[in-house]
Amino acid sequence: MKNSLLLHGGVGSESSLSALLREYAKKAFDNKSSLKSVVDATVMMEDDPIFNAGTGSYQRIDGTIQMDAAVMTETGFGSVIGVEKIRNPVKLALDVMQKTPHLIMAGDGALRLARMLGYAEYDPNTKKAKDQREKVMSELNSNEADKNPRFTALKRMGDISKLMQPEDTVGAVAYIDGAFAAAVSTGGATPMLRGRVGDSPIPGAGIYCGQKGAVVATGYGEEIIRHMLCISVYNDIGSRRLSDILEDKASSFEGPVGLIAIDKKGFSYFSSKPMAVGFISSETG
Ligand code: GLY
């Protein structure tokens, strides 16, 4: 397998965005480092308000924005949970991996670490996020809210609407110079309570990387965590075609789900709804 980088813009993202992701992949592709490639690609997607990560992250029900991100290599892991008021959560996840003795940092401690490392205060809020929350809140008050079994428990709390926003999460996987890496970043899967944590920052759930390959997921975090989706895919790598593994693993999902993966033989992606992807390799350019 040639040096390769594969990105996704979240399950539910319009396939027409694939051309943009291909441009991001081209810019981020670093023929020497899979880790640098996946982080740089994810930063570009975080900075693009089209995507639900970094700038453009969706609001929680209370109107706040809390973001999750993670990076993983064959030997290292770093993630941040519920981080606020920084521009690039994936960079902070990388710093957790490379500059601290920890693997996962959350909430105010993660923010304190960010400030200690010089991350400037930044508001990732956009008109898209405000409009989307307004829509969620009006759905909450409509009769339609009772029709969605997924959120029955939350509806009983009086805090949730029926509206589920499938576009979520950006991610990247790479195999470069004989090493795999993965990165993921998300503003979460709306509607969600403040403090809710999805799959993205949890190793094995929304991200996994090892000597056999790298895998990143997108979709409803709760469902992905229940299946420990990425390690489940990873464990099967080598047993059959990568595309068959992805399809098998995602087929039992009720909600929208997407996967991208790379192994020593090639790459594959699967999604139950449209999903923008971008790919580049040293062979195809
Ligand atoms: N897949 C992102 C989330 O559920 O938070």
statement: Per the filter on the range 208-245, residues closer than 16 Å to residue 184 by Cβ, among the aliphatic types (A, V, I, L, M) and either away from the ligand (no atom under 16 Å from the Cβ) or surrounded by fewer than 21 Cβ atoms within 10 Å (Cβ to Cβ) (or both) are 214, 225, 228, 231
- request: Look at residue 182 and say whether it is touching a Cys at 6+ places or on another chain (Cβ under 6 Å) and crowded, with 24+ Cβ neighbours inside 10 Å.
  value: yes
query: Does at least one position in the range 242-250 carry a residue that is assigned to a loop (DSSP other than H, G, I, E, B), in contact with a helix residue (DSSP H, G or I) (Cβ under 9 Å, 6 or more places away or on another chain) and farther than 20 Å from residue 38 by Cα?
result: no
query: Does at least one position in the range 191-204 carry a residue that is surrounded by 24 or more Cβ atoms within 10 Å (Cβ to Cβ), part of a loop (DSSP other than H, G, I, E, B) and more than 8 Å from the ligand (Cβ to nearest atom)?
result: yes
task: Return only the number of the condition from (1) in a strand (DSSP E or B); (2) under 26 Å from residue 139 (Cα atoms) that residue 223 does not satisfy.
output: (1)
The listed residue being modelled with pLDDT of 95 or more and farther than 26 Å from residue 93 by Cα, out of 247, 254, 283: 247
- line: Of those in the range 168-190 that are farther than 15 Å from residue 81 by Cβ and part of a loop (DSSP other than H, G, I, E, B), the residue nearest to the ligand (Cβ to nearest atom) is 190
statement: Heads up, the helices (runs of 4 or more DSSP H) in the range 1-118 (entirely inside) with at least 2 residues that are farther than 19 Å from residue 190 by Cα, more than 16 Å from the ligand (Cβ to nearest atom) and of a type in the set (S, T, N, Q) are 34-47
task: Out of the residues in the range 233-258 that are more than 18 Å from residue 207 (Cα to Cα) and of a type outside the set (Gly, Ala, Ser), state the one that is farthest from the chain's Cα centre (by Cα).
output: 240
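The values are calculated or read from the model by the stated rules, or taken from the named source; none is laboratory data. Keep in mind the model is a prediction, meaning the values are calculated, not measured. Every residue, glycine among them, receives a Cβ derived from its backbone with ideal geometry; neighbour counts consider all protein chains shown.
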